[in-house]
Amino acid sequence: MPERPEYVFGRHRPASHVVIHVSDPHFLAGGARLGGRYDVESNFARTLEAISAVHPHPSAIVVTGDLADLGEPDAYRRLRAAVEPVAAALGTVVIWVAGNHDERPALREGLLDLAPTEEPVTGVWDLDGLRVVALDTSVPGWHHGDLDRAQLDWLAGVLAEPAPQGTLLAMHHPPLPSHLPLFDILELRHQDELAEIVHGSDVRGILAGHLHYSSHGMFAGVPVSVASATCYTMNVARPAADVNGMDAAQAFQLVHVHPDTITHTVVPVTDADTGAYFSEEWLQRMARLTPEERLDAFSRKPGR
């Protein structure tokens, strides 16, 4: 895929890394609908189309858990068959993260070509100096999240040596409160112990899922970004005690990593009509102007 030109009109240079953050596809064997209602494969196909269009060569596609809804082997096969051709076309890697709906043995065998054991699904990726560490907050047989001492010690060992451009943690259960009571029942346990390891380390951001709605917060001095789901989302426009799922507002996040900051842009997966005022031709025209001319052409209000 040809590289697109990079335009620098402000104080920041283009991002050194662009990461696609996707969460909660909830695939089922045979392409079944989730709960008999949500066509999760069609929703995910539309998500992959949007991912293919939004950036020509992302550093990674990170999928933060609940890859399958029931942990069925065929669900993982179907998900892999959908994602890997897109990743290959974009020249990028896929980072699979386990969620509470996943089953470790089937995930390890179906997506990672590993022995089908109950060992946590963890890993470390070096993306040209940016490190991504996948944690496994799933608890076999349960839906709440947890990190045992062995995994915490492993993480501490990984973080003992800083990465050139810092670290992103990828996990399913976010170390954040939810305003929806049902998610607090299923929250991540041993957050204090995790905070002791993260605080003062080179961790620059935490990518999570689980909530089925986008959310942001701070944990141990580090920003946490929760991606919405691709299968269905929570209708958070309703009172907290009455929030339920809806087949709308599916989204993923576009993560831009800069030397001094990281931004997380929610990308809606929608077929809405879009205006055509700004275009490649418009950007090229702006690029031919001096900074002062650009301000005059675009910043000045009419008649002032």
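The numbers here are math on the coordinates, done by the rules we state, and not lab data. Please read all numbers here as calculations on a predicted model, not as lab measurements. Cβ: placed from backbone, ideal geometry, glycine included. Neighbour counts: every protein chain shown.
For segment 1-112, list log₁₀ I(q)/I(0) at each q in 0.16, 0.24 Å⁻¹, using the Debye formula over Cα point scatterers of equal strength and ignoring solvent, two decimals each. The calculated log intensity ratios at q = 0.16, 0.24 Å⁻¹ are -0.73, -1.36. Farthest toward the dipole's positive end in segment 168-304, which of GLN253, SER299, MET218, given Cβ charges of +1 (Lys, Arg) and -1 (Asp, Glu) about the Cα centre? It is SER299, whose Cα lies furthest towards the positive end.
Taking Cα pairs under 8 Å and at least six residues apart, what relative contact order does segment 93-215 come out at, in percent? Write down the numbers at each step before the final one.
On the way: 203 pairs, mean separation 31.1, N = 123.
So the answer I get is 25 percent.
Once you sort the root eigenvalues of the Cα gyration tensor of segment 183-304 as a ≥ b ≥ c, which label holds: rounded (a/c under 1.5), prolate (a/b larger than b/c) or oblate (the other case)? Since a/c reaches 1.5 but b/c is at least a/b, the shape of segment 183-304 is classed as oblate. Nearest 5 percent is fine: what portion of the DSSP beta bridges confined to the chain is antiparallel? Counting only bridges with both partners in the chain, antiparallel ones make up about 55 percent.
Between ASP113 and GLU49, what length in nm is gained on full extension when 0.36 nm per residue of separation is reduced by their alpha carbon distance? Numbers along the way, then the final one.
Working: separation 64, 0.36 × 64 = 23.04 nm, distance 2.60 nm.
In short, 20.4 nm is gained.
Need one word for segment 262-304: rounded, prolate or oblate. Basis is the Cα gyration tensor (sqrt eigenvalues a ≥ b ≥ c); a/c below 1.5 gives rounded, then a/b vs b/c decides. It comes out prolate by the Cα gyration axes.
Taking 13 Å as the cut-off, the amide N atoms of segment 4-27 that come nearer than this to a point 7 Å along the Cα-to-beta-carbon line of LEU283 belong to 4-10, 14-15. Which residue, ALA240, ALA29, ALA287, tops the fluctuation ranking in a GNM of the chain built on C-alpha contacts under 10 Å? Highest fluctuation among the options: ALA287.
Expected output is a single nm value to one decimal: the length gained when fully extending between ARG37 and ASP242, i.e. 0.36 nm times separation in residues minus the C-alpha distance. What is it?
Numbers: separation 205, 0.36 × 205 = 73.80 nm, distance 1.92 nm.
Roughly 71.9 nm would be gained on extension.
For segment 29-180, what relative contact order do you get, as a whole percent, if you take Cα pairs closer than 8 Å and at least 6 residues apart?
On the way: 236 pairs, mean separation 32.0, N = 152.
It rounds to 21 percent for segment 29-180.
To make sure I understand, if each residue's beta carbon is the centre and we count other beta carbons within 10 Å, what order do SER215, SER16, SER138 fall in, fewest to most? Write out the running numbers ahead of the final one.
Numbers: SER215 19, SER16 15, SER138 29.
Placing the least packed residue first, the sequence is SER16, SER215, SER138.
Going by Cα centres, segment 203-271 and segment 14-71 are how many Å apart? Cα centroid to Cα centroid, the span is 13 Å. Summary value for the chain: 18 percent relative contact order, contacts being C-alpha pairs under 8 angstrom separated by 6+ residues. Projecting the Cα atoms of ALA240, ILE206, VAL124 onto the charge dipole of segment 107-263, computed from C-beta unit charges around the Cα centre, puts ALA240 farthest toward the positive end.
For segment 166-304, the share of DSSP beta bridges that are antiparallel, to the nearest 5, is 65%.
Selection among GLY71, HIS190, ILE51 by position relative to the dipole of the chain gives ILE51 as farthest towards the positive end (Cβ unit charges, Cα centre). Close amide H pairs (under 5 Å, H built 1.01 Å from N) link THR233 with MET246, ALA248, residues at least 5 positions away or on another chain. Basic side chains Lys and Arg get +1 at the Cβ, acidic Asp and Glu get -1 at the Cβ, and with that the dipole of the chain about its Cα centre reaches some 1160 debye.
Between ASP273 and ASP74, the FRET efficiency estimated from the beta carbon spacing at R0 = 41 angstrom works out to 0.65.
Build a GNM of the chain with springs between Cα atoms under 10 Å apart, and of GLY36, GLY205, GLY275 the one that fluctuates most is GLY275. Could you check what % of the DSSP bridge pairs in segment 20-129 are antiparallel, to the nearest 5? So the antiparallel bridges amount to about 10 percent of the total. Each residue of segment 21-34 was assigned a 3J(HN,Hα) from its phi angle through the Karplus expression (A = 6.51, B = -1.76, C = 1.60, θ = phi - 60°), giving 10, 10, 8, 6, x, 6, 5, 10, 4, x, x, 5, 6, 6 Hz with x at Gly and Pro. Here segment 27-107 is assigned +1 on the Cβ of each Lys and Arg and -1 on the Cβ of each Asp and Glu. Its dipole about the Cα centre then comes out at about 100 debye.
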